[in-house]
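First the structure, in the form of structure tokens, and then the observations on it.
Derivation of every value follows stated rules applied to the coordinates shown; laboratory data play no part. Note that this is a predicted model, so its numbers are computed, not measured. Cβ placement follows ideal geometry from the backbone for every residue including glycine, while neighbour counts extend to all protein chains displayed.
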Amino acid sequence: MVMTDKKQAPGELGIVQAFVNTLDVEEDDEQLVSPAALAAWLSDHGLTPTKSVRARTVDLENAIRLREALRSILLAHVESEPVPTGAAMELDVVACRSRLRLRFDRDGGAALEPQASGVDGALGRLLAIVQRAIETGSWERLKACRQDGCAWAFYDRTKNHSGAWCSMEVCGNRAKARSYRERRATGGVAGASIRRRARMND
């Protein structure tokens, strides 16, 4: 799906948004199709210190569980609902696995950094971005569309946080296209059935 600037999350939060959107639910288009694809995505988005990170099947499974936990939180943001318990637990597991640690620098600043390497460390960096977004108040503006079959992550820039889903220009057109495909499929099956009955009666 094409993301307009208004729906794009600012700064590093856009990486978390892009991570959630590695699955286009409507089109059933999965970017993380293999451990190698996961490693490439993490590297391309600056979440690994080197380009040589390797991923295993279990890493891919962990990443997808984290992605869907984040998506469920973004869905909760739409109605300002509490974070789903299962999602919070999954983020805790990832934070523990990545060994996130608060580190202080000589300038007086501090930041969460993962002590784990590889994919665990990369997923920990995603959570560090989430934590910083929580501090700045931008996290709750990252939401996921509640339109059936969408769940696309978008950033709500409205003053009163009223954005509840992607624009109707996007979701409405997608819904219309889906409905059209379903009608065509139904019509095709019905037409074939009518033609078969007609041949039988000849």
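Quick one: check the C-alpha center-to-center distance for the range 17-80 versus the range 109-153, whole angstrom.
11 Å
Could you please rank R67, R56, placing first whichever residue has the fewest other Cβ atoms within 10 Å of its Cβ?
Ranking R67, R56 by Cβ neighbours within 10 Å, fewest first, gives R56, R67.
Remind me, relative contact order of the range 5-166 in percent, using alpha carbon pairs under 8 angstrom and six or more residues apart?
28 percent.
If I model a spin label at R65 and A37 as a point 7 Å from the Cα along the Cα→Cβ vector, what separation in nanometres do I get?
In this crude spin-label approximation the distance works out to 2.0 nm.
Can you give me the P(r) profile for the range 5-166? Cα pairs, bins 10 angstrom wide beginning at 0, each as a whole percent.
Histogram of Cα-Cα distances, whole percents per bin: 11, 40, 36, 13, 1.
Tell me, K143, K6, K159 in order of fewest to most beta-carbon neighbours within 10 Å?
K159, K6, K143
Fewest first, what order do E30, E140 take by the number of other Cβ atoms within 10 Å?
Arranged by neighbour count, lowest to highest, E30, E140 become E30, E140.
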